[in-house]
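See structure below.
The values are calculated or read from the model by the stated rules, or taken from the named source; none is laboratory data. Values in this document were obtained by computation on a predicted structure and should not be read as measured data. Positions of Cβ are backbone-derived with ideal geometry, glycine not excepted, and every protein chain shown enters the neighbour counts. Ligands, DNA and RNA are stripped out before the accessible areas are found, and what is left, the full protein with its side chains, is counted by its heavy atoms. Shrake-Rupley method; radii C 1.70, N 1.55, O 1.52, S 1.80 Å.
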Amino acid sequence: MKRKPNVAVVGATGVVGTTFLKVLEERDFPYDNLYLMASSRSAGKTVTFRGKDYVVEELNEHSFDKPIDIALFSAGGGTSATYAPIAAAHGTVVVDNSSQWRMDETVPLVVPEVNPQDIEWNKGIIANPNCSTIQAMVALKPLQDAYGIKRVVYSTYQAVSGSGMKGINDLKNGLEGKDEPLQAYAHPIAGNCLPHIDVFLPNGYTKEEMKMINETHKILGDDSIKVTATTVRVPVFDSHSESINVELEKPFELEDIIELFRRSPGIVVQDDVENNVYPLARDAAGTDEVYIGRIRRDFSVDNGINIWVVADNIRKGAATNAVQIAERLLEILPD
Ligand code: A2P
């Protein structure tokens, strides 16, 4: 696409939506017209972006009657279910941050460092994976390519910003000792770890855990990889941390894997335990990289490895990944 696209941000007043705007500005994303959309609660509010005031529009079935090339959606699954198809029918390509379309076979699920080629077969909707899945994929793709992956065990330590403003409010209120009703969680999050993200399913897993399992298969394009997950909400504002145990198909030298991570896109290795250097949520917050450390052999199996993987869940785990997809779209969209 040679001309500048018209861009819409849906859910522009939310935690991810405001970060979409920040990332678009930082990366100097080209646009001609920009439309900010949210619910009726925010309609009429003014948002300043690059020195210009934009009035937030209420999202409705006519929002895409005007020519919009790319729409970044982060306004919940129900909103995406209704409005992403309407946008796509008008010729807009939607990059959707909700879980609504991720496992739909007609919708690509994309991490640009991992499967950018899938962007090309989009039919108007491209799904942004779950925040925990994205950072895991950036770490696992080089291992898959070099050694093959047999089995993965995820244990996550996830920040409250992944629950939007309600999660942030629950942690703030708890830390300040305020006796406010909980907005996002079944139990207080301050001073706690909740092994409960999204709803419980009949198989005993949470929906978040099944998202990690199913999305891993789709993005890595291999359903034969054995995957299990335990996802936990922890009292951290920003950045998800993950312990990932991987059983590889082929033998490896640890130094080769460290070198492989160093050379792989989107990864920063932070692994110097003698000096207490390993990835930390507070350091990752506000950045776009996936940090990997505590890289060590799992002696309990033949070709096992343990890694500690940290990334900003709102940036690489949501907004930045979506904007990276949009940047690739610019290369293939017709004028
Ligand atoms: P609004 O601020 O008007 O409620 P969060 O990060 O807090 O979960 O933000 C969710 C985002 O999705 C907000 O921008 C919110 O707008 C938007 N949103 C929620 N429901 C709808 C809806 N039915 N239509 C359009 N936008 C919605």
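Every residue, every condition in (1) over 15 Å from the mean Cα position of the chain (by Cα); (2) buried (at least 17 other Cβ atoms within 10 Å of the Cβ); (3) modelled with pLDDT of 95 or more, yes or no:
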{"position": "ALA84", "(1), (2), (3)": "yes, yes, yes"}
{"position": "ALA88", "(1), (2), (3)": "yes, yes, yes"}
{"position": "VAL107", "(1), (2), (3)": "yes, yes, yes"}
{"position": "GLU113", "(1), (2), (3)": "no, yes, yes"}
{"position": "ASP118", "(1), (2), (3)": "yes, yes, yes"}
{"position": "ALA146", "(1), (2), (3)": "yes, no, yes"}
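Here are ALA84, ALA88: which of them is in contact (Cβ under 8 Å) with a residue 24 or more places away in the chain, assigned to a helix (DSSP H, G or I) and within 16 Å of the ligand (Cβ to nearest atom)? Answer to the check: ALA84.
Among the conditions (1) in contact with a helix residue (DSSP H, G or I) (Cβ under 8 Å, 6 or more places away or on another chain); (2) open to solvent by less than 10 Å² (accessible area, probe 1.4 Å); (3) of a type in the set (A, V, I, L, M, F, W, C); (4) assigned to a loop (DSSP other than H, G, I, E, B), the only one that ALA75 does not satisfy is (2). The set of residues in the stretch 52-73 being within 8 Å of the ligand (Cβ to nearest atom) and more than 26 Å from ASP335 (Cα to Cα) consists of VAL56, GLU58.
Among the residues of the stretch 1-51, which ones are open to solvent by 60 Å² or more (accessible area, probe 1.4 Å), more than 10 Å from the ligand (Cβ to nearest atom) and in contact (Cβ under 8 Å) with a residue 24 or more places away in the chain? Across the stretch 1-51, the qualifying residues are LYS2, ARG3, LYS4, LYS22, GLU25, ARG27, ASP32, ASN33, ARG50. Is the stretch 159-177 home to any residue that is modelled with pLDDT under 95, more than 16 Å from the ligand (Cβ to nearest atom) and farther than 24 Å from ASP283 by Cα? No, the stretch 159-177 has no match at all.
Looking across GLU176, GLU180, GLU208, one residue alone is farther than 24 Å from VAL301 by Cα and under 19 Å from the mean Cα position of the chain (by Cα). It is GLU208.
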